[in-house]
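Only one structure is covered here, and it is reproduced in the block below.
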Amino acid sequence: MNDPASLRAEDLSKRFGTAVALDHISITVPAGECLALIGESGSGKTTLLRSLNRMVEPDSGTVYVDERPTRDVDPVALRRRMGYVPQDGGLLPHWRVRRNVGLVPWLAGDHASGARADEALRLVGMDPAVYAERWPSELSGGQRQRVAIARALAARPGILLLDEPFGALDAITRAELHDMFLQLHAELGMTAVLVTHDIREAIVLADEIAVVHAGRVEQQTTPQLLLAAPATPYVAALLARAGVT
Amino acid sequence: MALVGPHDRPVVVASKPFGESYILAEMFAQLLEARGLRVDRRVGLGATAVAYGALRTGAIDVYPEYTGTGLLVIVGDPPQSDPRAVFARVFTVCRDRDGTRWLPPLGFENTYAVAVRRATADSLHLATLSDLARVGGRLRAGFTADFIGRADGLPGLAQHYGLHLRDVHALAPAVKYQALAAGAVDVIDGYSTDGLIARYDLTVLSDDRHFFPPYEAAAVVSAALQRDDPRAVAALTELSGLIDVGRMRDLNRRLEVDGAPVATIAHDALTALGLLGADATARTTPAREGVLAYIAAERGRLVALTVRHLFLVAVSLAAAMLVAVPAGLLLASAPRRGELAIRAVGLVQTIPGIALLAFMLPIIGIGIWPALVALFLYSLYPILRNTYTGVRDADPGAVDAAQALGMTPGQVLGYVRLPLAAPVIMAGIRTAAVIDVGTATLAAFIGAGGLGEPIVAGLALSDTRMILSGAIPAALLALVVDALLALVERRLR
């Protein structure tokens with residue numbers, strides 16, 4: 001297990017053509033904490049997440065992992081130290097579950113990548129004897145997300161990035177995966193950044209919440225403080241619309 | 001008695017793809033063989049441009065040509081009517097410009113003839129082309145593409161006689177007589193020596209205002225043959241002046257009407273002319289059997305042609321895969337330029353096969369190389385397009401995740417994009433292979449062999465059986481190749 005790393009984005013800006021995705025945005029995630037990025041479509045939350053593992057290169061600003069600028073790190077090496085879970089799972093359809101889950105250890109040249117995969121499957125509550133030899137197309141949506149999380153964790157990264165990982169699931173399955181995530185986070189203690197548009201999910205899963213709007217952070221604080229004291233009218237309106245106030 | 005020429009190489013005898021040309025070429029070939037020379041037959045070359053181009057570049061040594069065609073197509077002069085002036089002109093230009101040599105004419109003219117059904121001629125009182133011009137607006141014509149396009153064909157004829165026809169359809173030489181007989185058209189072009197004019201009881205309209213230029217047949221030989229083997233040139237000259245128009249029409253009738261084999265007709269003609277020694281043995285004549293019996297009788301040759309056909313397809317397809325798959329991968333990384341480049345390659349697909357072969361003739365001559373190059377070019381597009389599309393559109397979620405988890409661009413390509421695109425790429429290869437099997441039949445027009453050989457010869461000789469003996473195996477081959485590649489494709493899914 002790699003030690004959980006701290007994560008900090010400082011003054012990031014990014015334009016796509018004329019559209020401003022990030023507007024001098026900054027966030028901080030202490031090691032071992034879970035930060036939820038919440039916002040509407042087009043708020044810039046996904047661009048911010050993808051800046052953290054250099055899937056997007058910001059036009060200006062700096063991302064630090066353990067206070068070291070990521071621009072000094074080879075992006076491929078950087079990404080292998082960060083788990084990543086996309087909304088649709090992003091499993092490779094032509095690889096069986098075990099090979100998918102063992103991907104990052106295998107890339108790192110770990111000869112026991114199969115065993116690592118089986119361990120990771122157990123972590124997410126899937127029996128390798130049942131699921132390891134299946135094709136992704138033979139899994140349900142919830143199983144697919146569990147496998148995607150197992151894949152992100154197989155090399156035990158210090159940081160886990162999740163891009164709306166539970167967004168496409170039904171309510172019951174989502175609740176099951178929330179429980180699983182909380183348990184994993186408690187057990188492994190990795191630093192996590194979770195993008196979501198569901199404020200209730202953020203409240204349940206995150207240590208802190210950053211409300212992203214128009215490429216800026218409106219407010220970053222704990223769920224309790226957010227609910228108690230919305231810093232801006234936008235945050236207040238967001239909470240009111242979600243019916244959580 | 002097998003004497004060997006000063007340069008021990010076979011004399012390459014060629015013909016254009018119509019019956020009379022086959023007969024004359026076979027007579028050249030048998031005469032050379034009777035004089036102890038080895039002969040390589042490359043009959044049925046696509047068109048004047050292909051045949052003369054091959055002669056000029058030394059890919060073939062001799063083929064029968066007509067002075068009028070030489071004047072218009074090879075020299076590029078306007079039509080003129082004095083036969084001696086025409087021969088002198090083509091002889092001089094070809095000698096000085098290309099080093100080729102027109103041997104003294106064989107003794108007959110084969111000019112264009114315009115023919116109608118006897119019933120049409122009777123009811124409309126048609127005897128001359130001037131008569132035709134009078135009633136042209138009521139008649140439908142079926143002319144060969146050659147005739148429609150050439151200055152000494154329809155354009156000149158229309159101008160010279162003030163002729164306007166109701167409709168003009170382009171017909172293949174092989175079907176125009178049937179079309180006329182069946183009443184689908186009323187007027188066709190033909191050649192004055194055609195054996196079919198008698199068979200279908202047609203009236204040839206006389207050229208009363210002397211429009212058609214003289215078309216005297218002659219052997220034309222390459223510079224290389226004149227240099228390497230003067231004895232071959234001397235042997236070919238023996239035929240000069242010996243074949244009059246009546247004899248040629250007889251020979252054509254035996255071929256077109258009686259369906260006798262070319263080799264037999266040529267042998268009999270040479271014997272009758274006293275040009276073959278007494279020891280020359282007649283070739284056996286297979287009787288006209290059904291298609292299956294014909295295929296069975298010719299199976300040895302057909303197997304060899306099928307092997308050649310497969311060779312053409314396999315080599316060109318392999319080369320196309322080696323080029324198009326990497327090119328498709330490269331272009332997929334730059335989609336905007338990629339799309340443009342692929343459309344440009346797609347343009348090749350719109351060039352008709354025979355035109356593509358004609359373009360390449362001056363560069364790579366005739367035979368197997370240009371055929372391989374043409375098939376290669378035709379195979380590029382489907383493989384390139386499918387590789388490009390397959391790789392570009394490969395499951396975006398999977399590609400993104402693979403990248404985000406730390407695959408290098410090369411690993412993303414090799415482990416994700418390419419495997420996901422494999423079935424699509426394979427489908428492109430399969431399409432290319434089936435197109436190739438079909439297109440490879442055109443290779444016969446430039447002497448590259450394959451199953452097109454009996455098809456081209458059969459079309460030229462109006463022999464359906466012969467056409468089918470090439471077409472049926474080619475179709476079966478396409479099905480087999482498609483089925484085999486479908487299996488490979490299934491395994492990749």
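Quick notes on this one:
- Filtered residue count, the stretch A:14-40, keeping only those that are within 15 Å of A:HIS213 (Cβ to Cβ) and in a strand (DSSP E or B): 12
- For the stretch A:67-80, the set of residues classified as surrounded by fewer than 19 Cβ atoms within 10 Å (Cβ to Cβ) and within 13 Å of chain B (Cβ to nearest Cβ) consists of A:VAL73, A:ASP74, A:PRO75, A:VAL76, A:ALA77, listed by residue number.
- Restricting the stretch B:119-156 to residues that are touching a residue at least 40 places away in the same chain (Cβ under 8 Å), assigned to a helix (DSSP H, G or I) and among the aliphatic types (A, V, I, L, M), the residue that is surrounded by the fewest Cβ atoms within 10 Å (Cβ to Cβ): B:ALA121
- Within the option set A:VAL124, A:VAL56, A:VAL85, being of a type in the set (Val, Ile, Thr) and in contact with a Ser or Thr (Cβ under 6 Å, 6 or more places away or on another chain) holds for one residue only, A:VAL56.
- Scanning the stretch B:184-216 for residues that are part of a loop (DSSP other than H, G, I, E, B), closer than 20 Å to B:THR67 by Cβ and either modelled with pLDDT of 90 or more or of a type in the set (Ser, Thr, Tyr) (or both) returns B:SER192, B:THR193, B:TYR215.
- The lone exception for A:VAL147 - which of (1) within 14 Å of another protein chain (Cβ to nearest Cβ); (2) in contact with a Ser or Thr (Cβ under 6 Å, 6 or more places away or on another chain) it fails: (2)
- Taking the stretch B:217-315 and the helices (runs of 4 or more DSSP H) fully enclosed by it, the elements with 1 or more residues that are at pLDDT 90 or above are at B:223-228, B:230-237, B:245-256, B:262-272.
- Matching residues in the stretch B:403-434 - criterion: being crowded, with 21+ Cβ neighbours inside 10 Å, part of a helix (DSSP H, G or I) and facing chain A (nearest Cβ under 9 Å): B:GLN403, B:ALA404, B:VAL416
- Subset tally (residues that are modelled with pLDDT of 75 or more, part of a helix (DSSP H, G or I), within 21 Å of B:VAL62 (Cα to Cα) and not aliphatic (A, V, I, L, M)) for the stretch B:345-371: 2
- B:GLY438 touching a residue at least 24 places away in the same chain (Cβ under 8 Å), in contact with a strand residue (DSSP E or B) (Cβ under 8 Å, 6 or more places away or on another chain) and under 30 Å from B:GLY259 (Cβ atoms): no
- Taken over the stretch B:445-493, the criterion of being aliphatic (A, V, I, L, M) and free of Cβ contacts under 8 Å to residues at least 40 places away in the same chain is satisfied by B:ILE455, B:ILE467, B:ALA471, B:ALA475, B:LEU476, B:LEU479, B:VAL480, B:ALA483, B:LEU484, B:LEU487.
- Filter pass, A:ALA5 being modelled with pLDDT under 95, within 27 Å of A:GLU119 (Cα to Cα) and assigned to a helix (DSSP H, G or I): no
- Odd one out for B:GLY458 among (1) within 12 Å of the chain's Cα centre (by Cα); (2) crowded, with 22+ Cβ neighbours inside 10 Å: (2)
- Filtered by the rule that a residue be under 20 Å from B:GLU20 (Cβ atoms) and out of contact with any Leu (no Cβ under 7 Å at 6 or more places or on another chain), the stretch B:466-493 gives a lone residue, B:MET466.
The values are calculated or read from the model by the stated rules, or taken from the named source; none is laboratory data. These numbers were taken from a predicted model, which means no experiment stands behind them. Glycine also receives a Cβ, built like all others from the backbone with ideal geometry; neighbour counts cover every protein chain displayed.
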